[in-house]
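Colleague: Following this message is one structure expressed as structure tokens.
The values are calculated or read from the model by the stated rules, or taken from the named source; none is laboratory data. On a predicted model such as this, the values are computed, not experimentally measured, just so you know. Heads up, the Cβs are rebuilt from the backbone with ideal geometry, glycines too, and the neighbour counts pull from every protein chain shown.
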Amino acid sequence: MDILKDIRDLAVILLGLSKEFNIDKFLHMLFEVLVDCSSSDELCRLALVSIIETVPVKDEVFHVVSKVLLSCLKLSQKICDPGSSESGSWAKRILVVVNKHYPSELRAAIRKFLEDVKGESTYEILGKVLDTNLDMSLGILDSKFWLALHHPKSLVTIEDAILRQLHDDDLTVVLAALSLDELSDMISSSDLLKELQYVLKRCIGILMSSSSDKNSLATDVAILCLENANSKFGHDDDYLKTFAAMLFPLLLILPKTQRLNLKALQLAKEVKWPLYQNLAVAPSAEMKLQSGTLSSINMKTVTSLAEAFLMHPEEHMAWLNKINNDFQLLKTHLLFMLMQSFIMMKNERGQFSILFEAVFPFLKREWEAFESVGDVSVEEFKSEIQNWDGKRFLEQLSDTKLRALNTNILIFIFWKLLEALSEIPGDVLVDDNDKWVSILEDLFIFFSTSKYKHVFKEHLHYLVKSCKVIAPARFLSRFFTEEGGPVAVKLESLRCFSFLCSHLQDNLSIQFFPSVLVPLSSDNQDIKIAAMNCIEGLQAQWARVDFSSKKNGNSAIWSHFLDELLGLMVQQKRLILSDKQFLPSLLESLISSSCSSLLVPQNIQQRFDQSTKEKILAFLLRSALSMSNYGKLMILSLLKGIGSTIMVYKDVYSVLSLLLERRSRCYFDLDKSCQKLSKSEIEMLCLLLEICAVPSLSGGYALEDHLFQALRLDSMGSEDPAVIQPCITVLKKLNGDLYTELKKDMQDLLFYRLVFLFRNANGDVQNATREALLRLNISCSTVGKMLDFVFKQESLAISSVNGKKKKSNVHSWSNLSPDVICKGEDALSFLSSLLDFLLLKKDIADRDSLIGPLFKPLGKVFSDEWIGGTLTRDDKLVQVSPSISQSMSSTICYIQQTLLIILEDICASLINAVPIKDDILNEINIKLLVECAHSAKDGVTLNLVFSLISSVAKVVPEKVLEHILDILTVIGESAVSQIDSHSRRVFEDLISAVVPFWLSKTHNVEKLLEVFMNVLPEVAEHRRLSIVVYLLRTLGECSSLPSLLVLLFRSLVSRKGLPCVKTLQNPDSFTSLMHREWEYVFAVQIFHFAQNARSRICFQA
């Protein structure tokens, strides 16, 4: 193929060959290869075209055409980029050549191909492929249309031909297509309606943009569109909505589209569409109307549309929303109808709310669309249009700037909406107050967040002044005392509040002075400035309003101090705006009896007497408690510096009580009917608890019970902020002064709760509890009482360990509520937490007095009842610390070890204590420690027992001497199993502490050595030497080594003496046997060690 396509006169050669030979089969094969390569190889395509033009190939036309079209279908599956090189232009060029030389054969081939290939869209696909990269110089301009002419189905041929005519650039062609008889029968209904809409919109665009002398043809085409649509769809329920939508933008008469508009009015009157039922009879389409007449007819049309719309605004608006698009003329007519609807609306019960709910979302969307475009007409808005009427707007229809007209109509509609709202009778508003307030809020938020605030400035002022549903000041305060919300809304609400202060002549705004304190404490500087302007406005209003005749009720309370308070705040304006901490300091100085703030001038504290201060505080608190939760929080935060005086007020007390009650019901009692605390409520609860923890001026602390309630946490480990944060707040505020002020039984209860919290799984709670315990001056008596309480509960030893149920004689405190009395595994966990506290808190006064209370439980935790009972309950897990869960046996071991560590630490601290109290000495029980050593199940616990005995020996040696033999026996026994380095150090420390007291009492070295000799055979060989060497050094090597050797040889002889001599034949055999025994080997080791350690050894017989 590469050779053939490069031959310049290939077609001429083939022509010559065809005359002398039969080359049909060769041509058939050649065409097949050339067609396959033509899509990618230009030389192959040129060769193929040249052969078709030169060689007679009539019989091969079908083969070539079908091959080309089939290649196009395959190509359609690969084409992603219409501008790619893999387009169908190569095929189109081939078909153009075939059409030129073999037109009839080409038509037959296409018809046969479309018949053979299945699929209704085959010719559409071919049309798209062939028209890709369209070359306008080719003879076939629209392949789809061309293929349709040859389609085997005549209907497709005619329909596509007509559709092509309807899209012709020449309107005369379009007019001719629309004039065809039975046009609606030639094209499917859906396609026809779609094309008529397209042509109509195209004609309207031409009419609106061109001069009047060129409009005749476009008008004729548009009218013919409407007539065709009316004849086909005017009475067809399936398409009636769409036909009505075609008419809607044409119902108002414009000078440029007058004839079309009149025709549309005539057809709309005939159509049975609810919105068009009341339309007036239109003049003849051939009449030439003057501008005044146009406005009059348009006014009647808008009025009739509005009347019909008001009958069922929701239904009509749903339809209008569906047909609404970017077609400005449609929007214009729609806005005119809505404008007239608000003008005509009767203030009947419920009509306004229905109309508002139907149209406000549309109006809002349209305005947002205008804002997104950034129309200059909005920037140039003039407020005088608010005084226009509907007719004045209709006169502007002659102008072609529909977007600007639509913008002004939309602004006017909002104005009329507000006027209609203000005219609603009061009795209607009272019926559903919340709904009307919601409508006002929606409007206010919409106006406030608009990009073009100057447009709606008067709207906002009118809305606020004419507000009858709710007091204007109260309505505005809702926006700037609520949490969150757009900053723009807060700013506009404050500006409107300032506007009210300057325009209203009553004192209603002044009553809301506390509400302004909320935005005045904001972090946003713009909001603070706007709030400060309100303060200045209130002061100015005060000067205008006469209060002499209005001193009744609440106004009588605050009217005599508020003027001075407002003036003082205005005077301190700069500091209030520049320093966030100044406002709370100012209020504290004004109201508190004692304040030492460096931010506020000292003379301010004397501005009011005590009685007035109390009135100011009551006024602020009463107003705050009527606000939202966020408003309450912000005002209470400003008054936080005043301290627990706030809690004197009953309503504040009720708020705290209610919040704690809801916390308990929702999170502990799991009451599903109870509403959970919001973020603001949690913060307010924490704030009030902080205030409770501040001492009052008269001494003492307020609401101790509330503090205790906040310390309650569930055992489920909830991480909900409503559970955790109040608890942490109280924990952080606990201090020695607060604890000391509590009654003794309340101190005990607080300590119990803190120990209970010390094991909480939440890390923040645990840390806060630890810090709180370190700050409090917990007495030893409280600790002792707690230990006694825990161990005297039978549930601790019986229920949790043995699993038996007995009638318990529980020792409990009368003030412990059920939620703090723990049993079973919780009791063990609590005990672990208590011991952890004692391990941490080393600065307890008279800590040595805890020796007795700690020795008492020591015997219990090492008792067989405890240790044996855990073996049957070891599957139970106990939470001994926030991050550690242990089995029952591990927990008992943990308690044992912690008790021993605490006792050892206390005893070690007594070394320098002179003198030691007798009652403390009497509490030390060495016999119990020996029993504990015998009961210890692990090396760690045994080492701790030994360390405790060592510490006791250093403090009260006489206690050790009483049980010295038992102690030495235990020490010797431990040498068998305790082989690690730490155990060795503990062993050596105990030896060094006990042995001197043994010698001082008995002076019997051999007896002591004999104790250790009894266990040496069981001690590992590598451990024997180090143990005995340390013992010899403690006893004195010179005096004790001979005794040790004697004991070794006595042991050897006693085991291998006369019986061995009788069995052995000679002394050498006996000697050989003795040398292999451990006593002899060990004696040699000791001897060599001693010989290497000193130059001379003294032996005693």
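Colleague: Can you name the residue in the range 223-243 that is touching a residue at least 40 places away in the same chain (Cβ under 8 Å) and of a type in the set (A, V, I, L, M, F, W, C) and is also farthest from LEU183 (Cα to Cα) among such residues?
Modeller: PHE243
Colleague: Any idea which residue in the range 912-945 is surrounded by the most Cβ atoms within 10 Å (Cβ to Cβ), counting only those that are under 60 Å from the mean Cα position of the chain (by Cα) and in a loop (DSSP other than H, G, I, E, B)?
Modeller: Checking each candidate, the answer is ALA936.
Colleague: Does the range 616-627 contain at least one residue that is of a type in the set (S, T, N, Q) and not in a helix (DSSP H, G or I)?
Modeller: Scanning the range 616-627, I find at least one residue that is of a type in the set (S, T, N, Q) and not in a helix (DSSP H, G or I), so the answer is yes.
Residues checked against (1) within 23 Å of ILE424 (Cβ to Cβ); (2) in a loop (DSSP other than H, G, I, E, B); (3) touching a helix residue (DSSP H, G or I) at 6+ places or on another chain (Cβ under 8 Å):
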{"position": "THR293", "(1), (2), (3)": "no, no, no"}
{"position": "THR303", "(1), (2), (3)": "yes, no, yes"}
{"position": "LEU320", "(1), (2), (3)": "no, no, yes"}
{"position": "LEU329", "(1), (2), (3)": "no, no, yes"}
{"position": "HIS333", "(1), (2), (3)": "no, no, yes"}
{"position": "PHE336", "(1), (2), (3)": "no, no, yes"}
{"position": "ILE343", "(1), (2), (3)": "yes, no, yes"}
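Colleague: For the range 755-771, give me each residue that is under 20 Å from LEU787 (Cβ atoms) and part of a helix (DSSP H, G or I).
Modeller: VAL755, PHE756, LEU757, THR769, ARG770
Colleague: Moving on to the next point. Please go through the range 822-847 and give me each residue that is under 23 Å from LEU942 (Cα atoms) and charged (D, E, K, R), ordered by number.
Modeller: ASP836
Colleague: Suppose we filter SER883, SER951, SER947, SER935 for residues that are among the hydroxyl-bearing types (Ser, Thr, Tyr) and at pLDDT below 85; which single one remains?
Modeller: SER883
Colleague: If you scan the range 158-178, which residues turn out to be touching a helix residue (DSSP H, G or I) at 6+ places or on another chain (Cβ under 7 Å) and outside any helix (DSSP H, G or I)?
Modeller: Selection gives ASP168 alone.
So that you can scan it fast, the table gives a plain yes or no per residue for (1) surrounded by 17 or more Cβ atoms within 10 Å (Cβ to Cβ); (2) of a type in the set (A, V, I, L, M); (3) assigned to a helix (DSSP H, G or I); (4) modelled with pLDDT of 70 or more:
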{"residue": "ARG1050", "(1), (2), (3), (4)": "no, no, yes, yes"}
{"residue": "LEU1073", "(1), (2), (3), (4)": "no, yes, yes, no"}
{"residue": "GLU1079", "(1), (2), (3), (4)": "yes, no, yes, yes"}
{"residue": "ILE1086", "(1), (2), (3), (4)": "yes, yes, yes, yes"}
{"residue": "GLN1100", "(1), (2), (3), (4)": "no, no, no, no"}
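Colleague: Within the range 341-359, can you find the residues that are closer than 14 Å to LEU440 by Cα and out of contact with any Leu (no Cβ under 8 Å at 6 or more places or on another chain)?
Modeller: SER353, GLU357
Residue-by-condition table, conditions (1) touching a Lys or Arg at 6+ places or on another chain (Cβ under 7 Å); (2) modelled with pLDDT of 90 or more; (3) crowded, with 21+ Cβ neighbours inside 10 Å; (4) within 16 Å of SER657 (Cβ to Cβ):
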position	(1), (2), (3), (4)
ASP671	yes, no, no, no
MET684	yes, yes, yes, yes
LEU703	no, no, no, yes
GLY717	no, no, no, no
ASP720	no, yes, no, no
LYS732	no, yes, no, no
LEU742	no, no, no, no
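Colleague: Of the conditions (1) farther than 24 Å from LEU677 by Cα; (2) at pLDDT below 90, ARG775 fails just one. Which one is it?
Modeller: (2)
Okay, residues lined up against (1) β-branched (Val, Ile, Thr); (2) at pLDDT below 90:
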residue: TRP273; (1), (2): no, no
residue: ALA280; (1), (2): no, yes
residue: PRO283; (1), (2): no, yes
residue: GLU286; (1), (2): no, yes
residue: LEU294; (1), (2): no, yes
residue: THR303; (1), (2): yes, no
residue: PHE309; (1), (2): no, no
residue: HIS312; (1), (2): no, no
residue: MET317; (1), (2): no, no
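Colleague: Go through the range 772-791 and report how many residues are over 14 Å from SER832 (Cα atoms), part of a helix (DSSP H, G or I) and β-branched (Val, Ile, Thr).
Modeller: Qualifying residue count for the region: 1.
Colleague: Follow-up. Taking the conditions exactly as written (among the hydroxyl-bearing types (Ser, Thr, Tyr) and touching a Pro at 6+ places or on another chain (Cβ under 8 Å)), does SER644 satisfy them or not?
Modeller: Taking the combined requirement at face value, the residue satisfies it.
Colleague: Scan the range 233-255 for residues that are modelled with pLDDT of 85 or more and either of a type in the set (D, E, K, R) or more than 30 Å from GLY390 (Cα to Cα) (or both) and report the count.
Modeller: Qualifying residue count, the range 233-255: 3.
Colleague: Is it fair to say SER678 is assigned by TED's automatic domain parsing to the domain that holds ALA710, within 25 Å of the chain's Cα centre (by Cα), closer than 19 Å to SER628 by Cα and of a type in the set (S, T, N, Q)?
Modeller: So SER678 fits the description; yes.
Colleague: Does the range 953-986 hold any residues that are over 59 Å from the mean Cα position of the chain (by Cα), hydrophobic (A, V, I, L, M, F, W, C) and part of a helix (DSSP H, G or I), and which are they?
Modeller: Answer for the range 953-986, where residues must be over 59 Å from the mean Cα position of the chain (by Cα), hydrophobic (A, V, I, L, M, F, W, C) and part of a helix (DSSP H, G or I): ALA953, VAL955, VAL960, LEU961, ILE964, LEU965, ILE967, LEU968, VAL970, ILE971, ALA975, VAL976.
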